[in-house]
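Structure record follows, encoded as C-alpha cells.
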Amino acid sequence: MTKFKSKLPNTFDLPRRINRLRELSYNLWWVWNPTAQRLFNRIDNNLWETVNHNPIRWLREVSRPTLNAASQDPIYLELYDRVFAEYDAYLARKDTWYGTTHPTQQGQIAYFSMEFGLHETLPIYSGGLGVLSGDHLKETSDIGLPLVGIGLLYTEGYFSQRISEDGWQEAINNPLDFSNLPLNLVLNKDGSELTIQVDFPDGPVNVRIWEVRIGRTPLYLMDTNMDSNNPYVRQLTTRLYWSDINLRIMQEVILGVGGVRALRALGFTPTAWHMNEGHAAFMTLERAREMVLAGQSFEEALAQSKANNVFTTHTPVPAGNDEFPLWLIDKYLASLWPQLGITRDDFMNLAMHHQNWGETFSMPVLALKYSNGRNAVSELHGTVSRQMWNELWPELPVEEVPITFVTNGVHTATWMARRVRVLYEKHFGHDWLERLDDMDMWEKMENIQDSELWAVRNHLKRKLSFYIQERARQRWINGGFHPVQVIASGVMLDPYVLTIGFARRFATYKRASLVTSEFERLLEIINQPNRPVQIIFAGKSHPADEPGKMLIQEVYRAVKRAENGGRIVFLEDYDMNLARYLVQGVDVWMNTPRRPNEASGTSGMKAALNGALNFSVLDGWWREAYNGANGWAIGPDADLNEEVQDTADAESLYQTLEKEIIPLYYSERDANDIPHKWLQRVKESMRTITPQFSTRRMLKEYAERLYLPAMK
Ligand SMILES: *Cc1c(COP(=O)(O)O)cnc(C)c1O
C-alpha cells in the first residue's frame with residue numbers, strides 16, 4: 001500500500017541467531033507482551049531499568065559478551081523462538097474479530113489526534129486524551145481493524161516535572177534523541193526524505209513524516225524541524241499544546257491539512273476519517289478542497305466530506321475546546337476561501353460560535369457540523385454534550401441532538417500486571433485475552449482463591465513501595481533535593497498499609513485538594529495506630545495553567561507537614577511508567593472531579609483491572625460502572641452547584657473512608673490475615689469492570705456504530 005520504503009536503521013549489529021531483536025524493538029507490540037520484554041530484561045535487567053524500558057537504547061548499550069552468551073543459551077533461545085513465533089503469528093493473523101465479522105468490508109479509517117500515549121519512551125502525550133489514542137491504536141491492531149493513525153512528533157516531547165521545595169512545578173524540556181526511538185523516517189524511492197507542504201502566509205512549510213509500528217497498525221507523525229524551514233516554523237512541532245495562539249493554530253493546520261496531505265503522499269485512501277477531539281477539524285475543509293479541485297461544487301464537496309467524518313468530543317471544560325479569534329483565521333486561512341470558492345463570511349460561518357462576549361471560530365463547532373458520526377465518551381458526558389451543543393440544532397429538543405456516546409475503555413494488556421495475567425491464564429485458560437469481553441468467562445472469577453489473589457495484590461504493592469523508595473534515593477543522590485522532599489517522595493511508605501492513589505493531570509476541576517480540605521480530620525483518619533492510611537499523589541499541570549500549579553503547591557504543602565508522618569506523598573513526573581506502578585500497586589483509586597466535568601476518566605479502569613477499588617465521584621465512566629458492590633461512590637448521583645457539591649463531597653469522602661473503607665480493609669481478617677470481604681469486593685470490581693471498560697468493547701462499538709456507517 002505504501003509507495004515509499006521506510007528505513008530501518010542498521011546501526012547496531014547483533015549475533016545472527018538473535019538478530020530479530022532489532023525488528024522487535026521497532027514494533028511497539030512488545031509494549032503489551034511481557035514475554036517479549038523478557039528478551040531484554042532477562043539478560044540485563046539493570047540496563048533495562050537504566051534505559052527506561054527502551055529496547056533500542058538497550059540494544060545499543062548492552063555489552064557484546066552478554067549478547068553472545070544469550071545467543072548460545074538454550075533457555076534464552078527457547079524463549080526467543082517462542083516470542084517470535086507468537087509475533088509472526090500475530091502479524092499474519094487473518095481470523096481477527098474484524099476479519100471474521102466483516103470479511104468483505106472494504107476501506108480504511110484514518111484517525112487524527114494531537115497526542116498519542118503509547119509508551120513512556122515516546123513522551124508525545126500530556127494525559128488521558130493521549131493515552132486513550134495510544135490504547136485505541138493498540139486495540140485496532142489486536143482486532144484487525146484497518147486503521148492508520150496520524151499526529152505530530154514533538155521534538156522535545158511533553159515536559160518532565162520537578163517540584164521545588166516550596167511546591168512549585170518546574171518544567172524541564174529536553175530534546176528527544178530520535179535515533180533512540182522506534183521511529184522510521186519515511187523516504188522517497190530515491191532515498192530522499194518524503195516531504196509534504198502546508199501553506200502559510202509567509203510561504204509553504206515543509207513537513208516530514210515518521211512511521212511508528214504498533215503491531216499491525218501504523219502511525220504517522222509529522223515534524224517541521226527541518227533545515228529547509230525558517231527557525232520560527234521549525235519550532236511548530238517542538239512542544240505539545242503551545243499557549244501562543246499563533247503557534248497553536250499553525251499546529252492545528254499542520255495536523256488537519258497536513259495530515260490529509262501526508263496520508264495521500266503515503267498512498268492511503270481512507271474511507272472513514274476520525275477526529276479525536278476538535279484539534280484536527282481543519283481536516284474536513286482540506287478534504288472538501290480536494291474535491292472542489294477535482295471539479296465539485298463546494299456544497300457537494302462539504303457534504304461528501306461530512307458523510308465520511310467521525311468526531312469525538314472529550315471535554316465540557318472550555319480549555320479543552322479550542323476557539324480562535326476571527327482575526328487569527330484571517331491571518332492564517334485567507335488563502336483557503338478562494339480555493340474553496342466561497343467568501344470570507346461563508347468561511348467564518350462554517351465554525352462561528354456566538355458567545356455573549358463576541359464571536360469566535362470554534363474547532364468543535366467545525367467538527368460537529370461537518371461530521372456524520374458524533375460521540376461523547378460516557379453516558380453522562382453524552383447528556384452534557386447534547387445540552388452544550390443544542391445551539392447548533394436549535395430546532396431539535398435536547399434529547400434529539402445528534403451526539404451519541406461511546407464510553408472509553410483501556411487496553412487491558414498494556415495496563416494489567418503480569419502477575420494478574422498469570423492468574424487469569426491459570427483459571428480462565430491461555431486464550432483468555434482473546435475472550436476478554438465474553439461475560440461468561442468472567443463468572444469463573446469465583447474459582448480464584450482469596451489467598452492467591454491476596455498474594456498477587458501484596459506483591460504489586462511491595463513492588464510499588466520499593467520503586468518509590470528507589471526513585472527517592474536516586475533524587476537524593478543526584479542533589480538539589482531538600483531532606484523534607486525525600487520524605488515527601490515516599491521513603492516512609494509501608495507496603496502493608498491501606499494505600500490510596502490519586503494521580504492525573506492537575507486541572508482545577510479535578511479537585512485534588514478535596515481530600516486535604518479538612519486537614520485535621522484527615523490526620524485523624526490516616527494516623528490511627530492500628531489502621532493507618534497512606535495517600536499517594538502525582539500529576540502534572542500544563543505549564544501555562546497557573547491555577548493548576550497552585551493546586552499542586554497546595555497539595556505539596558499538606559504533604560510536607562510533619563504531622564502526616566510521611567504517609568501523604570507527592571511523586572514527581574507522572575507518566576505512563578509511574579501510572580503503571582500506581583494503578584497496579586495501590587488498594588484504592590480515588591477520583592474527585594467536580595461533576596459533570598470529567599467526561600470519562602480512564603485511570604480508574606486501569607486500577608480496577610489490577611484489583612484496586614475505585615472510590616470516586618459519580619461522574620464520567622464511574623457513574624456507569626458503579627453497582628454498589630464494586631467500589632465506593634463519593635457524593636450523590638445528582639447535579640449540584642459548585643459550593644454545595646464541594647461541601648457534600650468532602651463530607652461523603654471522609655465518612656466513607658471512616659465508616660466503610662478502612663474497617664473493611666483492616667477488620668474481619670482470618671487466621672492468615674486475609675481480608676475476605678475486601679477481596680469479595682475486589683473480585684466484583686475485576687469481574688464487572690475489566691471486560692466492559694476495555695478498548696475491546698470500545699473499538700467494537702466505534703467500528704459498528706461509527707466507522708462502518710461512515711465507510712458506506
Ligand atoms: C490513564 C492516564 C491518564 C488519564 O487519567 P484520568 O484522570 O483517569 O483521565 C493521565 N495520565 C496518564 C499518564 C495516564 O496513564
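Since every read-out is calculated from the coordinates, none of them should be taken as a lab result. Computed from a prediction, not measured in an experiment: that's the story for all the values here. Methodologically, a virtual Cβ is constructed for each residue, glycine included, from the backbone with ideal geometry; neighbour enumeration extends over all protein chains shown.
General observations
- Taking other C-beta atoms within 10 angstrom as a stand-in for reagent exposure, Thr647, Thr140 fall in the order Thr647, Thr140, fewest first.
- As a size descriptor, the averaged projected area of the C-alpha convex hull of the range 650-712 was calculated at 6.7 nm².
- Using a cutoff of 8 angstrom between alpha carbon atoms and counting only pairs six or more residues apart, the relative contact order for the range 416-693 works out to 20 percent.
- Taking 31 Å as the limit for the C-alpha separation, the pairs Lys463/Lys540; Lys463/Lys549; Lys444/Lys540 exceed it in the case of Lys444/Lys540.
- Each listed q (0.12, 0.15, 0.19 Å⁻¹) maps to a log10 I(q)/I(0) for the range 27-179 from the Debye sum over equal C-alpha point scatterers, namely -0.71, -1.00, -1.24.
- Calculated SAXS-style log₁₀ I(q)/I(0) at q = 0.07, 0.14 Å⁻¹ - the range 416-693, Debye, Cα scatterers: -0.24, -1.01
- Mean separation of Cα pairs under 8 Å and 6 or more residues apart, divided by the residue count, gives the chain a relative contact order of 13 percent.
- Mean ellipticity per residue at 222 nm, deg cm²/dmol - from DSSP H runs of n ≥ 4 across the chain, formula -39500 (n - 2.57): -12000 deg cm²/dmol
- Entry note, the range 16-92: relative contact order of 28 percent, from Cα contacts under 8 Å with a spacing of 6+ residues.
- Shape annotation for the range 213-294: C-alpha extents along the principal axes are 35, 35, 28 Å, from largest to smallest.
- Pairwise Cα distances in the range 448-505 exceed 19 Å in 41 percent of cases.
- Descending semi-axes in whole angstrom, ellipsoid equivalent of the range 484-575, from the Cα gyration tensor: 23, 14, 11
- Order of Phe12, Phe481 - criterion: other Cβ atoms within 10 Å of each residue's Cβ, fewest first: Phe12, Phe481
- Burial order of peptide ranges 369-379, 204-214, 452-462, 348-358 (average beta-carbon count within 10 Å, highest first): 369-379, 204-214, 452-462, 348-358
- Protection proxy ranking, peptides 272-284, 124-136, 227-239, average beta carbon neighbours within 10 Å, highest first: 272-284, 124-136, 227-239
- Diffusion coefficient (Stokes-Einstein, Kirkwood radius over C-alpha pairs, 10 °C, 1.306 mPa s) for the range 16-92: 127 µm²/s, rounded to a whole number.
- Converting the Cα gyration tensor eigenvalues of the chain into ellipsoid dimensions via √(5λ) gives semi-axes, longest first, of 39, 32, 26 Å.
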